[in-house]
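First up is the structure itself, then whatever we jot down about it.
The values are calculated or read from the model by the stated rules, or taken from the named source; none is laboratory data. Predicted model, so just to flag it, every value in this text is computed and none were measured. No Cβ is skipped: glycine too gets one built from the backbone with ideal geometry, and neighbour counts run over all protein chains shown.
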Amino acid sequence: MSSLPKPPTSLVRLQKFLADSGVASRRASEKLIVEGRVTVNGTVQSQLGARVKSPGDLVAVDGRRVEPRKKLYVAINKPPGFLCTRRDEQSRQTVLDLIPREWDSLFPVGRLDRESEGLLFLTNDGEFSLRLTHPRYGVVKRYRAWVTGRLEPHQLEPFTRGVEHDGEQLKAERVQLIETNNSHSLVEVELAQGKNREIRRLFLAIGREVERLQRVQIGPIRLAELPIGKWRVLRDTEVKSLLKGAS
């Protein structure tokens with residue numbers, strides 16, 4: 001496992017620095033600043049437009065120093081039955097139950113529904129998460145779907161043209177029939193937009209049910225041989241390649 005290189009000094013807005021350090025949300029951090037509870041190098045800073053050097057400036061809230069939080073990027077092979085959320089009111093298992101407790105500040109990058117499985121990233125870097133999930137960046141995710149019944153290639157052709165389901169337009173970037181028999185078919189699907197339960201809904205639109213759904217790739221990063229329920233820290237080069245592809 002490799003560690004990320006030390007980041008260069010940069011100027012960031014004070015409220016963003018507080019939010020990125022885990023003090024509070026961006027909006028709650030703004031409230032702390034306006035209330036005069038934040039100091040920069042020992043001086044109260046109550047202006048929302050203020051910028052701080054990170055690393056470099058000494059920032060404190062109510063007299064307690066705020067340390068910049070090290071960015072962490074983790075790949076996990078999510079098992080079925082786990083929720084992609086930090087906490088669940090019904091005490092059901094979440095993906096955070098699969099990683100070390102000291103990483104409880106991490107959050108999922110995007111989602112896989114509860115019964116889906118496969119590649120998922122966890123991070124504490126909000127910009128990284130945005131770049132990989134917002135439709136405008138077009139990061140492609142590849143899935144394998146095990147579907148009921150025999151399928152023919154022509155039945156999948158509407159997926160790349162666009163299919164309407166429940167009043168919403170769904171669309172795949174690419175679809176390929178891998179194998180098929182009288183009882184089941186294996187289909188590979190690539191998405192760039194990732195709407196809620198999109199692959200399951202695409203197949204429902206042609207009268208088929210997805211029995212198993214596995215995400216096998218996000219951008220250039222493949223699930224590969226990562227065992228189910230296990231995790232690994234992404235390498236520096238992998239993080240850079242993901243961000244390069246989402247620029």
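Assorted remarks:
- Top-ranked residue of region 180-194 - restricted to ones that are closer than 26 Å to residue 133 by Cα and not acidic (Asp, Glu), ranked as surrounded by the most Cβ atoms within 10 Å (Cβ to Cβ): 187
- Residue satisfying all of: in region 14-27; assigned to a loop (DSSP other than H, G, I, E, B) and aliphatic (A, V, I, L, M); nearest to residue 71 (Cα to Cα) among these: 23
- Residue in region 62-69 that is of a type outside the set (D, E, K, R), surrounded by 12 or more Cβ atoms within 10 Å (Cβ to Cβ) and without any contact (Cβ under 8 Å) to a residue 24 or more places away in the chain present: no
- Checked against the criterion of being buried (at least 17 other Cβ atoms within 10 Å of the Cβ), modelled with pLDDT under 95 and out of contact with any strand residue (DSSP E or B) (no Cβ under 8 Å at 6 or more places or on another chain), the candidates 136, 131 yield just one match: 131.
- Filter result for residue 4 (modelled with pLDDT under 90, in contact with a Lys or Arg (Cβ under 8 Å, 6 or more places away or on another chain) and not assigned by TED's automatic domain parsing to the domain that holds residue 108): yes
- Verdict on residue 164 being touching a residue at least 12 places away in the same chain (Cβ under 8 Å), of a type in the set (Asp, Glu), surrounded by 15 or more Cβ atoms within 10 Å (Cβ to Cβ) and assigned to a strand (DSSP E or B): no
- Candidates 57, 88, 97, 20, filtered to the one that is among the acidic types (Asp, Glu) and without any contact (Cβ under 8 Å) to a residue 12 or more places away in the chain: 88
- Condition met for residue 35 (at pLDDT 90 or above, farther than 30 Å from residue 222 by Cβ and surrounded by 12 or more Cβ atoms within 10 Å (Cβ to Cβ)): no
- Exclusive hit being of a type in the set (Lys, Arg), over 22 Å from residue 228 (Cβ atoms), at pLDDT 90 or above and buried (at least 16 other Cβ atoms within 10 Å of the Cβ), set 141, 171: 171
- Residues within region 118-128 that are surrounded by fewer than 22 Cβ atoms within 10 Å (Cβ to Cβ) and either part of a helix (DSSP H, G or I) or modelled with pLDDT of 95 or more (or both), tallied: 3
- All conditions in (1) surrounded by 13 or more Cβ atoms within 10 Å (Cβ to Cβ); (2) part of a strand (DSSP E or B) hold for residue 208, with the sole exception of (2).
- Within region 209-225, the set of residues being on the phi < 0 side of the Ramachandran plot and modelled with pLDDT under 95 comprises just one member, 225.
- Considering the conditions (1) touching a residue at least 24 places away in the same chain (Cβ under 8 Å); (2) farther than 17 Å from residue 218 by Cβ; (3) polar (S, T, N, Q), residue 176 is excluded by exactly one of them, (1).
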